[in-house]
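Single-structure report; data block below.
Derivation of every value follows stated rules applied to the coordinates shown; laboratory data play no part. Not measured: the values here are computed from a predicted model. In this analysis, Cβ positions are derived from the backbone assuming ideal geometry, glycine residues included, and neighbour counts consider all displayed protein chains.
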Amino acid sequence: MTNPGQLGASGSAAEHLEGLVETVTFHSEETGFCVLKVKFRGLRTPAAVVGKLPQVHVGEWIKAEGHWVMDRQHGRQFQADQLVAVVPDTLDGIEKFLGSGLIKGIGPVYAKKLVEAFGKDVLEVIEKRSAELEKVEGIGPQRRAKIKASWSAQKAVREIMSFLMANGVSTAKAFRIYKMYGEKAIDTVRMDPYCLARDIRGIGFKTADEIAMRLGVEKGSVLRARAGLSYALLELSSQGHCAYPREALLGRAQTMLDIKRKTLEEALRVELQDGTLRVAPAPTTGGGGEDGGAPGAAEGDPWVYLAPLDTAEREVAVRLLDLAAAPHPCPMPPEKYEAALEWVGTKLNIELATGQKAAFCGVFRHKVVIITGGPGVGKTTLVQAIVRALAAKRMRIALAAPTGRAAKRMAELSGREAKTIHRMLEFDPGTGGFRRKERNPLEIDALIVDETSMLDVQLMAQLLRAIPKGALLVLVGDVDQLPSVGPGCVLRDLIESDTLPVYRLTEVFRQAAGSLIVRNAHAVNEGLMPELGARFETGGDFFFVNAEDPVRTADLVRRLLQEAIPRRFGFDPLRDIQVLTPMQKGDIGARSLNVTLQAALNPPGPGKAQVEHWGWTYRTGDRVMQMENNYDKDVFNGDVGRIVKVDAAEGEVLVRYDDRDVSYDVNELDEVSLAYAVTVHKSQGSEYPCVVVPVHTQHYVMLQRNLLYTAITRGKKLVVLVGTKKAVALCVRNGEAQRRCTSLAQRLREAFRN
């Protein structure tokens, strides 16, 4: 059927076709681009269709407008300028639609039963008379409720998708939008499209801004300027900043928004008045945690904060002062130090070094103690000694770390229970906060926190709220590692504030000194080139494999995991070896390497069910990482597990984390990522028997000393660098980490001075 008034891209009149989707050859959730096989009305055989749809499944009925083209490689195709997916209107189409896996609780078997029972009325029965579904054999109240809920969710998601597509954006995040706002999603977005950038992970300001423009928000409006300022600060906080100089922030926002400076200043005034943003004097003695100062800061230029980060910094300073000033729960007179050291040495069969002894005694002298040092200097041994001594005094001791891996390692080494900070604080889904806080503190006398360098300022504030004033706090960490992923530079700021006792362990123990991993980690940290000459054949625990080309580097990584390392060292590539890379993108980024390594280490095969979601394939046996905190599921950012079951019909994936299983709906899979390769940042707090680290100039912007140092210190038994010596040298030379704008060090000094 042709409308003479419309012409296709080739100049011929556009055709309007309708048909059933029989095969989804390709579909990108990010762009909507798809290649389909469609059985059109009036055509004998299925035809190839190329176009864009936010979401498409086998069995759906589509309406297409476009024209036929001849592709050299693929032959005759229908190039659709417009594609719309609608509910099918034939019995065969409805059966395929219901059996496609789109609706949870219905697979091919139940799709056939439902169509036989209700005919073309089946979709109306599901939506309006779902109780009748129980007339079908095998469908009880539970399955009926699942079918009804899934149908309603899909309908709402499709409405959201249609709305967003009409406003010029892809809808890969439509399910997330529905989860966040429910049935009010469209109204919420119409009221304030910029809420998407604030609330939905993966939807940035640019996308929200495009929607706003289409919905009639004026480019020069104060609403847009306010949203832009908050977003600019939010983006800066994702880079670790707690604040930013006012003039630099306004300049950044003006460049981003192309809006008048006067409008931005008015927007800032309104945001400050509403309390969304706050302003404070810049630190007079340097801020930024890592190397002081702030980018683009003029003398006297105040700093602008997102309100929660300003509150967190102030709270950390005040609470640490209160904690440090309270009486010690188990003080020890100096004359008993030697006896205590001798006792703990006998119990653990150890001899503490001079620095360890000083730190051990400091724990019984001060209420808040910081212990820092690199690999092989005895932090773990010292913690064991402290725990044993505190336990002998019948202290109620809690051990915690920011990640599950770090907490598990802490428990194994200490012989006592250790928890992640999130689990220890007991998240309350009802309120969205933690149950453990000032009015319901932890029932402890002492808390030891490992991997403190990973603590961002907001988590530190939440932790301090839950610690009773009478408790002892011991913070342990390596200040030279990468700082927290979240905003702030807590451990370094605490040390540089010079307000709390800090014990630096520097003596490398003889056993650790024999490890090239340890020696090279310390060399890198001191700005020296590591030893790169060892060969696999000679044995050892640290190797460098040269690869000039990024594509060859990626292939070498694959071969190392698939062949060389298991054959030479006996490590299991799925259990023991972790690839750590500087970035997500590029030939040797985590995304590309995960595709390569999944194909090599866990290919499809008999008994391996799989599902596809947003361009990624997840199959039984895959290693995955949780990418954000999910308090309802009790899994947290950085937790690593294995897929143990995939139920494509029910749309569910089961992931085993340590000794427990967590179920994901297929639409929740954007919370997890394949984890054959992860970024160095994501590896913090974890240790692995073997790490393989691509180091190449392709990742030039990320080649920093603390990144390479952190990567090397993740390996317990074997570290293999793959790449170029030039890239390694760039890491070693680049000791100036990106500045972070923080005021915590100064606020601590002010709090303790007053």
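Placing dummy labels 7 Å off each Cα toward the beta-carbon, the span from Glu687 to His328 is 2.9 nm. Rg/Rh for the stretch 390-549 (Cα atoms only, Rh after Kirkwood) is 1.05.
A straight Cα-to-Cα reach below 17 Å connects Lys39 with the lysines Lys63, Lys96, residues fewer than 8 places away in its own chain not being considered. With respect to the cross-link table entries Lys52/Lys206; Lys419/Lys608; Lys367/Lys437; Lys336/Lys469, which display a Cα-Cα separation exceeding 31 Å? Flagged as over cut-off: Lys419/Lys608.
Each Lys or Arg adds one and each Asp or Glu subtracts one; over the other residues with Cβ under 13 Å from the Cβ of Thr506, this totals -2. Looking at the stretch 321-472 alone, DSSP beta bridges between its own residues are antiparallel in about 25 percent of cases. Of the trypsin sites (Lys or Arg not before Pro) found in the stretch 31-127, those that fall in a DSSP loop while having at most 15 other beta-carbon atoms within 10 Å are Arg41, Arg44, Arg72. In this rough spin-label picture, where each label sits 7 Å from Cα along the Cβ direction, the Glu116-Asp632 distance is 3.6 nm. Stokes-Einstein diffusion for the chain at 25 °C, viscosity 0.890 mPa s, with a Kirkwood radius from C-alpha pairs, works out to 84 µm²/s. Residue-normalised convex hull volume from the C-alpha trace of the stretch 90-142: 69 Å³ per residue. Put simply, when 388-398, 717-727 are sorted by average Cβ atoms within 10 angstrom per residue, most first, you get 717-727, 388-398.
Each residue of the stretch 123-128 was assigned a 3J(HN,Hα) from its phi angle through the Karplus expression (A = 6.51, B = -1.76, C = 1.60, θ = phi - 60°), giving 5, 5, 4, 4, 7, 10 Hz with x at Gly and Pro. Computed from phi, the 3J(HN,Hα) profile of the stretch 421-437 under the Karplus parametrisation 6.51, -1.76, 1.60 (θ = phi - 60°) reads 4, 4, 5, 4, 7, 6, 5, 10, x, x, 9, x, x, 9, 6, 7, 7 Hz, with x in place of Gly and Pro.
Of all lysines in the structure, the ones whose alpha carbon falls short of 18 Å from that of Lys262, not counting any fewer than 8 places away in one chain, are Lys219. One decimal place: the segment Met395-Ala599 gains 68.3 nm when fully extended, by the rule 0.36 nm per residue minus the C-alpha distance.
Maximal additional length on extending the Arg504-Lys128 stretch stands at 128.5 nm, based on 0.36 nm per residue less the C-alpha distance.
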